[in-house]
1. Is it the case that some residue within segment 47-57 is at pLDDT 85 or above, exposed (fewer than 10 other Cβ atoms within 10 Å of the Cβ) and among the basic types (Lys, Arg)?
2. Across segment 24-36, what is the total count of residues that are under 23 Å from Asn2 (Cβ atoms), open to solvent by 20 Å² or more (accessible area, probe 1.4 Å) and over 9 Å from the mean Cα position of the chain (by Cα)?
3. Pairs under 9 Å by beta carbon, first residue over 17 Å from Ile48 (Cα atoms) and assigned to a strand (DSSP E or B) in segment 6-31, partner among the aromatic types (Phe, Trp, Tyr) and open to solvent by 60 Å² or more (accessible area, probe 1.4 Å), six or more apart or different chains?
4. Just checking, how many residues over segment 1-11 are under 19 Å from Ser47 (Cα atoms) and more than 8 Å from the chain's Cα centre (by Cα)?
Amino acid sequence: MNIVVIGIGGVGGYFGGKLAQAGFNVTFIARGKHLDAIKNQGLQVKSIKGDFTVYPKNRQCLEY
């Protein structure tokens, strides 16, 4: 399944990250410093349920 998450804020980042962690093909759409950070360091999620970092497959992180 292909999933696109537009706007990687608290909600989009968390659920998009969990979907990517579960193995789904997730494309993140962000801009500016968020875009650069995700491309270079992955999407880092800090949660009371546990912290994790996911890396978009094939660096699928686009600018809007």
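1. Yes, there is a match, as at least one residue in segment 47-57 is at pLDDT 85 or above, exposed (fewer than 10 other Cβ atoms within 10 Å of the Cβ) and among the basic types (Lys, Arg).
2. Taking segment 24-36 first, the residues under 23 Å from Asn2 (Cβ atoms) are 24-31, 34-35.
Cutting the leftovers down to open to solvent by 20 Å² or more (accessible area, probe 1.4 Å) gives us 24-25, 27, 29, 31, 34.
Of the ones still in play, those that are also over 9 Å from the mean Cα position of the chain (by Cα) are 24-25, 31, 34.
Matching residues across segment 24-36 total 4.
3. Close Cβ pairs (under 9 Å, with a partner that is among the aromatic types (Phe, Trp, Tyr) and open to solvent by 60 Å² or more (accessible area, probe 1.4 Å)) amount to Ile6/Tyr64; Ile29/Tyr64; Ala30/Tyr64.
4. Qualifying residue count for the region: 4.
The values are calculated or read from the model by the stated rules, or taken from the named source; none is laboratory data. Keep in mind that this is a model prediction, so the values were computed, not measured. Note that each Cβ is placed from the backbone with ideal geometry, even for glycine, and that neighbours are counted across all protein chains shown. What goes into the accessible areas is simple: the full protein's heavy atoms, side chains included, and nothing from ligands, DNA or RNA. Shrake-Rupley method; radii C 1.70, N 1.55, O 1.52, S 1.80 Å.
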